[in-house]
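Worksheet for the structure shown next.
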2 protein chains.
Amino acid sequence: MTSLSPVSPYDNLSPVAQAAYRARGASATLAPLPRAAKDDALLTIADALEVRTAEIVEANAKDIERAREAGTSEGIIDRLTLTPERVRAIAGDVRDVAALPDPVGEVVRGSTLPNGIDLRQVRVPLGVVGIIYEARPNVTVDAAALCLKSGNAVLLRGSSSAYESNTALVRVLRDAVHGAGLPADAVQLVPGESRDSVRELMRARGLVDVLIPRGGASLIKTVVEESTVPVIETGTGNCHVYVDAAADIDMAVDILINSKAQRPSVCNAAETLLVHRDIADAFLPRALDALAEAGVTVHADERVLGHVDKAGGSKATVVPATTEDWETEYLSHDIAAAVVDTLEQAVEHIRLWTSGHTEAIVTTSQQAARRFTQLVDSTTVAVNASTRFTDGGQFGFGAEIGISTQKLHARGPMGLPELTSTKYIVTGDGHVR
Amino acid sequence: MTSLSPVSPYDNLSPVAQAAYRARGASATLAPLPRAAKDDALLTIADALEVRTAEIVEANAKDIERAREAGTSEGIIDRLTLTPERVRAIAGDVRDVAALPDPVGEVVRGSTLPNGIDLRQVRVPLGVVGIIYEARPNVTVDAAALCLKSGNAVLLRGSSSAYESNTALVRVLRDAVHGAGLPADAVQLVPGESRDSVRELMRARGLVDVLIPRGGASLIKTVVEESTVPVIETGTGNCHVYVDAAADIDMAVDILINSKAQRPSVCNAAETLLVHRDIADAFLPRALDALAEAGVTVHADERVLGHVDKAGGSKATVVPATTEDWETEYLSHDIAAAVVDTLEQAVEHIRLWTSGHTEAIVTTSQQAARRFTQLVDSTTVAVNASTRFTDGGQFGFGAEIGISTQKLHARGPMGLPELTSTKYIVTGDGHVR
């Protein structure tokens, strides 16, 4: 029968499309696998990473050498570096993923219809997941582990600065997957180092089910604009802390400093402080002192500037804010600050400028908390808690493939269930309409 | 404070973007509304449609006159036509939507984290939904009602052939929404009749949260390729019926005929029949006779052709299949047919050619049913039931905005919950990391 052994519709395709086609085949094998088979592959991967640490570290040394020659900063070189200890930690993360429950097969909804048909909506893998990332080489393993656990094949496109490391890691991953009896093509590096290969990945609709870009704003913008494959946008965080008229001032200072300064380089760090006018006199001097002590520069509107002298002036590093400050994700020891007349004005400011990641309110008022959580439309709204809690690990998901800042499919920290779709199973006894 | 009354970033935008910006404002008002306020608006709409039927039918008459002058077929004119009875039925549909539960506010997940933080994932509206459609004018009202009920503002871009009807309907909808105390801009027609306005809608990322194209394959392809706004792909259905070796033959004939011929023009009608070789001798003569009786032309592979003579030959209208037949969504009294050696070969054929909508297996074997539902990856897999059950109404969703054939966000018939996103509410007592 000709229909069953046709010329592949994917012949004569680019290397990227061919890789995607092989991933598609692998995903068909992965999808119906029981949890035990997937966990077995993950544990084999973890063991292999430990056994072949020397090979990985050696490859990594080439990337580091190249980075040094290019004059890369020590901070970035530190992120790039894989030591035996770090490889061991990555292997431990893979074992943690193996220990998580399998999302595939979960019955999301189910009912018996009036005509007697049994209807079940069941989680299934997405299929082929493409990850484009600029981050540390550990993302290569993390992403592969999460995709395997959720029954997906993965196409990895890491930073060219980590090319040798990623190549070595994926070689180890593929050998282990194959050794565990699963198709090695479940884990692939996207072939080619040029921009063209990214472009081909973005146009592989029908072969790739979703693209998840993880990196800077310009990478994400490019993927969103050029991809015909559905995209999950991640990561930009212009997070706000709103100190309500009824806030506990000690709590507000703690939450502000933790949100801003505990780790300023991450997406759930706060970038703007909004203060209700009724508490400004009491709160701002304390806040400005604490920010100064934490080494934070305050980009202040006129009303905040008016409090600088009252704060003793000396310690606080305060500069006038421009409109640009309201939309800036500093990712540094900087924060924008403004006084607002009402909670509604704070909400209005947030709606206008936020990237929709995380906004916190500090208040002792039940009504204010309720109103703020109703009106603010971001992935996460925190009441009397630091913005820094928006995180898959903190939320108890065990692992995280990224934090979605879009509304479609997944919003907020994405764990294993967010790497699945669903299908309906309709079971009858010869039912017709 | 300058930040709170800035020059709008959306000034000097196109009329489409301005409409989207107004929709965004309206959606902020809709999002926190309790169910009662939304239901009140829906019932006001239903009443207004009945009270102002004459105005609607009069506008519709202009579209019909224009269509007749353009030589449009009577079938399409019938779809376009609004009679007082049909307007009454549309009003009834709106009342049905009002009676459905409100998805907004549903707690999807919730837990108390080890540190005492309360975590809740709560359904929220998507925001602004764009619908691009070619269908009957009743879609204008259906889509607006479903979006309102789920707290979303809607931008409607209907067929230019229904322009007068849609304009009248949206005028009635907006008056009613305003009369019920909600912002009229929650329901808008996309301004402009040209292709440019569709293009602008597709590029309004950040203002429009999702686009749902409903119509032919070329419309959907255009939207998928050109939109930077996230898209939910709907509707193409190259559905398969697989008759297993262990099928009950009477049941198989019933399901085949119902799947193909009960309503051939819809996306959940069957387009290909696959028959296991062990049952071909017993099943195919019966099937070919029944298909002929139903007026269906069979596009048969060689092995099916070999059974035509045994079927008495005379009645069956059978033509040889080409490769193209395997991928064709006929939407007519045509079906492709092939014999396969194994269930796995049927699955392989389906994977290669399906649009991923609905596939049915007819079998008395529990193992075969289980294997087919595990291996086939489509929105809906039916066991001993017609493909025609893939439908929001049949599934008990009460209403349907379309049938998603993609894996991201929503898959299969989309009811009210599929018009929502979620947000996390994190509640602490001053928690910091």
Please enumerate the residues belonging to segment B:263-295 that are within 11 Å of another protein chain (Cβ to nearest Cβ) and in a helix (DSSP H, G or I).
B:277
Of the residues that sit in segment A:265-278 and are modelled with pLDDT of 95 or more, open to solvent by 10 Å² or more (accessible area, probe 1.4 Å) and in contact with a strand residue (DSSP E or B) (Cβ under 9 Å, 6 or more places away or on another chain), which one is nearest to residue A:242 (Cα to Cα)?
A:276
Only one residue in B:139, B:154, B:122, B:128 is touching a Phe, Trp or Tyr at 6+ places or on another chain (Cβ under 7 Å) and in contact (Cβ under 8 Å) with a residue 40 or more places away in the chain, so which one is that?
B:139
Answer yes or no: is there a residue in segment A:117-128 that is out of contact with any helix residue (DSSP H, G or I) (no Cβ under 6 Å at 6 or more places or on another chain), more than 14 Å from chain B (Cβ to nearest Cβ) and not small (Gly, Ala, Ser).
no
Would you pick out the residues in segment A:348-370 that are at the interface with chain B (Cβ under 9 Å from one of its Cβ atoms) and open to solvent by less than 10 Å² (accessible area, probe 1.4 Å)?
A:349, A:358, A:360, A:362
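Could you pull out every one of the strands (runs of 3 or more DSSP E) wholly within segment A:97-162 that has 3 or more residues that are of a type in the set (A, V, I, L, M)?
Per the criteria, A:118-125, A:128-133, A:153-157.
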Tell me which of these residue B:427 doesn't satisfy, since it passes every other one: (1) facing another protein chain (nearest Cβ under 7 Å); (2) touching a residue at least 40 places away in the same chain (Cβ under 8 Å); (3) open to solvent by less than 40 Å² (accessible area, probe 1.4 Å).
(3)
State the number of residues belonging to segment A:371-410 that are crowded, with 22+ Cβ neighbours inside 10 Å, charged (D, E, K, R) and assigned to a loop (DSSP other than H, G, I, E, B).
2
Just one listed residue, out of B:318, B:298, is open to solvent by 30 Å² or more (accessible area, probe 1.4 Å), in a strand (DSSP E or B) and away from chain A (no Cβ under 11 Å), and it is B:318
Residues in segment B:77-96 that are touching a residue at least 60 places away in the same chain (Cβ under 8 Å) and assigned to a helix (DSSP H, G or I): how many?
3
Within segment A:248-262, tally of residues that are more than 10 Å from every other protein chain (Cβ to nearest Cβ) and over 28 Å from the mean Cα position of the chain (by Cα):
1
Can you work out which of the residues in segment B:25-34 that are open to solvent by less than 60 Å² (accessible area, probe 1.4 Å) and either in a loop (DSSP other than H, G, I, E, B) or closer than 12 Å to residue B:151 by Cα (or both) is farthest from the other protein chains (Cβ to nearest Cβ)?
B:26
Looking at A:50, A:85, which is the one that is touching a helix residue (DSSP H, G or I) at 6+ places or on another chain (Cβ under 6 Å), open to solvent by 30 Å² or more (accessible area, probe 1.4 Å) and either modelled with pLDDT of 95 or more or of a type in the set (Ser, Thr, Tyr) (or both)?
A:50
Can you tell me which residue in segment B:392-424 is nearest to residue A:390 (Cα to Cα), limited to those that are more than 7 Å from chain A (Cβ to nearest Cβ) and of a type in the set (Ser, Thr, Tyr)?
B:420
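So for segment B:214-231 (the condition being under 29 Å from the mean Cα position of the chain (by Cα) and basic (Lys, Arg)), does at least one residue qualify? Explain how you work it out, then say what you get.
Applying the first criterion (under 29 Å from the mean Cα position of the chain (by Cα)) to segment B:214-231 yields B:214-231.
Keeping just the survivors that are basic (Lys, Arg) gives B:214, B:221.
Yes, some residue in segment B:214-231 is under 29 Å from the mean Cα position of the chain (by Cα) and basic (Lys, Arg).
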Regarding residue B:224, is this residue of a type outside the set (Gly, Ala, Ser) and in contact with a helix residue (DSSP H, G or I) (Cβ under 9 Å, 6 or more places away or on another chain)?
no
Quick one: in segment A:36-47, which of the residues that are out of contact with any Leu (no Cβ under 8 Å at 6 or more places or on another chain) and not acidic (Asp, Glu) is nearest to residue A:103 (Cα to Cα)?
A:36
Being within 8 Å of another protein chain (Cβ to nearest Cβ) and either among the hydroxyl-bearing types (Ser, Thr, Tyr) or crowded, with 24+ Cβ neighbours inside 10 Å (or both) is the filter here, so list the residues in segment B:211-239 that pass it.
B:228, B:231, B:232
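Mind telling me which of the residues B:162, B:143 ends up being out of contact with any helix residue (DSSP H, G or I) (no Cβ under 8 Å at 6 or more places or on another chain) and buried (at least 20 other Cβ atoms within 10 Å of the Cβ)?
Checking each option against the conditions leaves just B:143.
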Could you list all residues from segment A:254-301 that are farther than 26 Å from residue A:352 by Cβ and aliphatic (A, V, I, L, M)?
A:282, A:290, A:292, A:294
Here is a list of conditions, (1) modelled with pLDDT of 95 or more; (2) hydroxyl-bearing (Ser, Thr, Tyr); (3) outside any helix (DSSP H, G or I), and residue B:72 meets all of them except one; can you say which number that is?
(1)
Report whether or not residue B:395 is out of contact with any Gly (no Cβ under 7 Å at 6 or more places or on another chain) and closer than 16 Å to residue B:243 by Cβ.
no
Conditions: (1) under 23 Å from residue B:241 (Cβ atoms); (2) more than 7 Å from chain A (Cβ to nearest Cβ). Residue B:389 meets all but one. Number of the miss?
(2)
Could you go through segment A:330-338 and let me know if any residue there is more than 9 Å from chain B (Cβ to nearest Cβ), touching a helix residue (DSSP H, G or I) at 6+ places or on another chain (Cβ under 8 Å) and closer than 30 Å to residue A:89 by Cα.
yes
Checking the structure you have, find out if any residue of segment A:386-405 is closer than 23 Å to residue A:304 by Cβ and touching a His at 6+ places or on another chain (Cβ under 9 Å).
yes
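The values are calculated or read from the model by the stated rules, or taken from the named source; none is laboratory data. It should be emphasised that the depicted structure is a prediction, and the values quoted were computed from it without experimental measurement. All Cβ positions, even for glycine, are placed from backbone atoms using ideal geometry, and neighbour counts span all protein chains on display. Please note that ligands, DNA and RNA were not included when accessible areas were found on the heavy atoms of the full protein model with its side chains. Shrake-Rupley method; radii C 1.70, N 1.55, O 1.52, S 1.80 Å.
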